[in-house]
Structure formats: structure tokens, C-alpha cells
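This report concerns only the one structure given below.
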Amino acid sequence: DVQLVESGGNLVQPGGSLTLSCAASGFTFSSYWMHWVRQAPGKGLVWVSHIFNDGVTTTYADSVKGRFTISRDNAKNTLYLQMTSLRAEDTAVYYCARGGNDWSFDSWGQGTLVTVSS
Amino acid sequence: DIQMTQSPLSLSASVGDRVTITCRPSQSIDIYLNWYQQKPGRAPTLLIHATSRLRTGVPSRFSGSTSGTDFTLTISSLQPEDFATYYCQQTSTRPYTFGPGTKVDLK
């Protein structure tokens, strides 16, 4: 079975940094695009970033461009999201998701909570 | 960015009801419209991709369609496990935007 397990969420002060990880199993990780999606408390889903399966091509939402970096280690079957210059509005549950057919997001992790607060 | 609107934003229904949720993108997205279900405290799950393609394992009471500029998710006979929030998403153009969600609760 496909499994995605996020980790690394924590309480961090404004301006701080954090790195999230997403451990993948049950599929050939190197063959799939991967995404990060976030959800602020009580709010809807917002796409954050995506990375091609080769790890070279990446895209970001304007709200995080220049502050967040997505990367992957295909040898370790792990996706990362490095977050810097964190703001209160970055507070959310962060999900990793696998890119599926028709560019849908066909499998999701359980999410990890990032809280930015002093 | 492509804006996604959903209607209604909430609805109350009974078990057995036919439920329809509509999604309208701000510009053409071809067929690249997906539907997700999310239950409280849980991650979203994919129901339908590319407008009408039911994900393997999703019950056949769920269906997707399009008419004009609108996309529709239909639940033919609502079951107790279907009370949840439903999101549409376009994957025609990055950023891949989601609708605001439609919460379906018990009447």
C-alpha cells in the first residue's frame, strides 16, 4: 500500500526556520511528482509546492516563493520542505501528496502541524 | 491564478438524498478538475480525477460531470460515511488551486 508519513512539524517563532520530511513507501518514489499542500486551522486546502520526479524542476505558490524550498532524495524515498522566514500566516497542517493520473493528488500523508507564534 | 468557486458552501442532507455540488473555474481548465473528500481531522482523499474518472475503490454513487463552464460532483444516494467536506481542484495550470470546500452535514 502507498504510505506517506510527514514529520518535522513544530512550534517555531516568527522569522524562524523548519524542515519537514515526508517518508514514502509502497511505490516507486522516483517515478512520481510530489507536492506539498497546507491547510490553516479551520480553512481550506492550499497548494504550496511541487517537484518533478527527477528533483530538478520545482514550482511554488507566490506566498512561499523565495522562503520555502522543496527537494527530494530518491535514494531515501523522502520528500522535504525547507521553510525559512516563517510568518504567522504559515501556520497550518502540511500534507505531502503524490502526483497521480491527470495531475491529481492521489495519495496523501496524515499531515504535520506547523505553528508559527511567539 | 485560476480561481475556483464552489456552491453551495454548505448543505444539510439526509441519508439517501441525492446531493449535487458545483464548481466553476475562472477560466478554461479543459478536463483537469478533481474532487476530494475530507473528514474532520483527516487528510483529503481523491474521489474523481479528470472531471469524471472515478478513482479505483471509490463507490459508484459518486460521479463527476461537466456542463458548459460548470463541473459537478453528484452523490446519488448519500450514505452516513459521506458526511464530509468536498473540495474541487484544477490541475490544468500551476498553481493548482482548490475551491473553498462544500461541507455536507446531517439535516
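A few remarks follow.
- Averaged over its residues, chain A has an accessible area of 44 Å² per residue, based on protein heavy atoms and a 1.4 Å probe.
- Among the residues of B:35-45, the average count of other protein chain beta-carbon atoms within 10 Å of the residue beta-carbon is 4.
- Counting only protein chain heavy atoms and rolling a 1.4 Å probe, the accessible areas of A:Arg67, B:Arg42 rank, largest first, as B:Arg42, A:Arg67.
- Largest to smallest in accessible area, the residues A:Trp108, A:Trp33 fall in the order A:Trp33, A:Trp108 (1.4 Å probe, all protein chains included).
- Applying the Karplus relation 6.51 cos²θ - 1.76 cosθ + 1.60 with θ = phi - 60° to the stretch A:105-118 yields 3J(HN,Hα) values of 9, 8, 8, 10, x, 7, x, 9, 8, 10, 10, 10, 7, 8 Hz, where x marks Gly and Pro.
- Legend: residue pairs A:Lys65/B:Lys103; B:Lys39/B:Lys107; A:Lys65/B:Lys39, Cα-Cα distance threshold 21 Å; pairs beyond threshold, A:Lys65/B:Lys103; A:Lys65/B:Lys39.
- Between A:Val2 and B:Asp30, the simple label model (points 7 Å from Cα in the Cβ direction) yields a spacing of 2.0 nm.
- Summing both sides, the accessible surface hidden between B and A at a 1.4 Å probe radius is close to 1700 Å².
- Taking all protein chains into account, the per residue accessible area for the stretch B:18-107 stands at 45 Å² (1.4 Å probe).
- The amide H of A:Met34, built 1.01 Å from its N in the peptide plane, has A:Ile51, A:Gly99 as neighbours under 5 Å, considering only residues 5 or more places off or on other chains.
- In sequence order, calculated HN-Hα J values of the stretch B:26-43 (Karplus, 6.51, -1.76, 1.60; Hz; x Gly/Pro): 7, 8, 4, 10, 6, 9, 7, 10, 10, 10, 10, 10, 9, 9, x, x, 10, 6
- Taking only alpha carbon atoms, chain A gives an Rg to Rh ratio of 0.95, where Rh is the Kirkwood radius.
- Sorted peptide list for A:41-49, B:6-14, A:92-100, B:96-104, criterion being average Cβ within 10 angstrom, highest first: A:92-100, B:96-104, A:41-49, B:6-14
- Per-residue SASA remark: A:Ile70, around 10 Å² accessible (1.4 Å probe; ligands, DNA and RNA not included).
- For the stretch A:7-17, putting each phi into the Karplus relation 6.51 cos²θ - 1.76 cosθ + 1.60 with θ = phi - 60° gives couplings of 7, x, x, 6, 8, 9, 7, x, x, x, 10 Hz, in residue order, rounded to whole numbers and with x for Gly and Pro.
- Peptide A:35-46 shows a mean partner chain C-beta count of 3 within 10 Å per residue C-beta.
- Remark: accessible surface ordering of B:Tyr86, A:Tyr32 (largest first) is A:Tyr32, B:Tyr86, probe radius 1.4 Å.
- Taken residue by residue and averaged, Cβ atoms of other chains lying within 10 Å of the Cβ of A:104-116 number 4.
- Nearest-10 value in Å² for the accessible area of A:Trp103, using the 1.4 Å probe: 110 Å²
The values are calculated or read from the model by the stated rules, or taken from the named source; none is laboratory data. If you're wondering where the values come from, they're calculated on a predicted model, not measured in any experiment. No Cβ is skipped: glycine too gets one built from the backbone with ideal geometry, and neighbour counts run over all protein chains shown. Heads up: the accessible areas ignore ligands, DNA and RNA and are worked out on the full protein's heavy atoms, side chains in. Shrake-Rupley method; radii C 1.70, N 1.55, O 1.52, S 1.80 Å.
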